[in-house]
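Note sheet for the following structure.
The values are calculated or read from the model by the stated rules, or taken from the named source; none is laboratory data. Just so it is clear, the structure is predicted and the values come from calculations on it, not from any experiment. Reconstructed Cβ throughout: ideal geometry from the backbone, glycine too, with neighbour counts over all protein chains shown. Quick note on the areas: whole protein, heavy atoms, side chains included, nothing else; ligands and nucleic acids left out. Shrake-Rupley method; radii C 1.70, N 1.55, O 1.52, S 1.80 Å.
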Amino acid sequence: MTTHPSRSIRQVIPGAETSDGAGVRIKRSLGQQPSVRLDPFLMLDEFGSSDAADYIAGFPSHPHRGFETVTYMIEGHMLHEDHMGNRGDLRNGGVQWMTAGRGIIHSEMPQQESGTMRGFQLWLNLPAAEKMQDAGYRDIQPEDIPEIRIDGGLVKLIAGETAINGQSATGAVSGSSTAPIYADIQLEPAAKVSLNVPASHQGLLYLYEGDATLGQQPLQRSAANILADDGDSITVKSGPTGARLLLIAGKPIGEPIVQYGPFVMNSREDIEQALQDYRDGTLTA
Ligand code: MN
């Protein structure tokens with residue numbers, strides 16, 4: 001019989017309040033400084049407000065090259081449009097998985113003038129060999145995200161392969177070279193769940209509602225609670241009001257990273273090329 005020792009938390013990166021796009025208020029944990037990343041993840045933003053002024057300006061047309069963005073809308077309505085002619089409505093519980101590859105130009109604009117908008121955007125790096133692939137875009141509807149019911153809760157498996165309380169599960173997205181695991185875990189009060197996180201993966205837990213502990217360690221809210229490399233599973237227990245949290249993990253790429261705003265490459269020369277291509281109108285060509 002295989003045992004799966006539970007990992008502990010080695011570091012906590014609180015989400016820092018900042019704004020991005022045309023003035024959308026966010027909490028940025030990973031990516032708040034170039035040194036604050038968790039290979040293969042570059043950035044993690046939490047957005048959440050019931051004040052339209054915090055989100056209404058959205059993210060007007062802008063480019064990307066060299067990585068993927070994964071947007072998970074917990075509540076709200078955004079419209080994605082890109083240079084390939086894709087139009088994607090992102091609604092409650094839906095996910096947009098965008099591969100910038102060699103280049104994409106897109107906008108992400110709120111389709112509501114009031115009410116709550118909350119969710120997450122994760123930036124997932126690509127290995128050098130995959131950075132210049134054609135851009136791709138996938139809308140994942142809420143009903144296409146596997147929901148695994150457990151005693152006292154629910155796990156939505158957006159991406160990856162894992163075992164949940166010993167039962168194998170595969171997410172809506174799988175097969176990329178960093179083998180990302182992206183799970184949204186919802187626990188009723190005083191409930192418990194275990195998920196496998198391979199020893200090859202770096203990962204984090206992001207608590208966004210309620211209280212929870214990993215082993216004896218309390219998780220910090222709105223923060224990247226970074227997992228130590230001391231096991232190949234996690235066991236999370238919720239507090240008296242229940243908990244909602246994300247598990248995000250992936251295989252590190254181990255290559256140099258040079259970032260300039262929305263371009264993430266391996267060298268200064270690659271970045272110069274991206275800027276040149278953007279100026280010349282050939283970023284996406
Ligand atoms: Mn974008």
| said: Taking R0 as 51 Å, what FRET efficiency do you get between residue 163 and residue 83 from their Cβ-Cβ distance, rounded to the nearest 0.05? | reply: 0.80
| remark: Compactness summary of the range 65-190: radius of gyration and Dmax from Cα atoms, Å, are 15.5, 47
| Surface accessible to a 1.4 Å probe, per residue, for the residues of the chain, Å² | 43
| said: Report, to one decimal in Å, the Kirkwood hydrodynamic radius for the chain based on all distinct Cα pairs. | reply: 19.2
| request: Using a 10 angstrom cutoff on alpha carbons, build the Gaussian network for the chain and name the most mobile of 216, 121, 96. | output: 216
| the range 109-205: GluC sites (Glu not before Pro) falling in loop per DSSP and having at most 11 other Cβ within 10 Å | 113
| request: Multiply the residue gap between residue 199 and residue 154 by 0.36 nm, knock off their C-alpha separation, and tell me the result in nm, one decimal place. | output: 13.8 nm
| query | Given the Cα atoms of the range 162-285, and with Rh set as the inverse mean 1/r over their pairs in the Kirkwood sense, what is Rg to Rh to two decimals? | reply | 1.11
| message | Quick check: at a probe of 1.4 Å, how many percent of the accessible area of the range 144-285 sits on carbon and sulfur atoms? | response | 46
| Two-site FRET efficiency, residue 128 against residue 35, from Cβ-Cβ distance with R₀ of 25 Å, rounded to 0.05 | 0.75
| field | Net lengthening on full extension, residue 229/residue 143 (0.36 nm per residue, minus Cα-Cα) | value | 27.6 nm
| query | In debye, nearest 20: dipole of the range 1-84 around its Cα centre with unit charges on the Cβ of K, R (+) and D, E (-)? | reply | 480
| remark: For the chain, the charge dipole (Cβ of Lys, Arg +1; Cβ of Asp, Glu -1; about the Cα centre) points to a positive end, and the Cα of 180, 223, 259 closest to that extreme belongs to 223
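Could you compute the FRET efficiency for residue 20 and residue 170, with r as their C-beta to C-beta distance and R0 at 45 Å, rounded to 0.05?
0.90
What's the carbon and sulfur percent of the range 1-103's accessible surface, probe 1.4 angstrom, rounded to a whole number?
Heavy-atom surface of the range 1-103 belonging to carbon and sulfur, 1.4 Å probe: 46 percent.
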| query | So how tilted is helix 268-280 from the main axis of the chain? Cα-based, degrees 0 to 90, rounded to 10. | reply | 50
| remark: Among 64, 21, 240, the residue whose Cα sits farthest towards the positive end of the charge dipole of the chain, when +1 is placed on the Cβ of each Lys and Arg and -1 on the Cβ of each Asp and Glu, is 240
| Residues of the range 71-109 with amide N under 16 Å of a point placed 7 Å along Cα→Cβ from residue 285 | 102-105
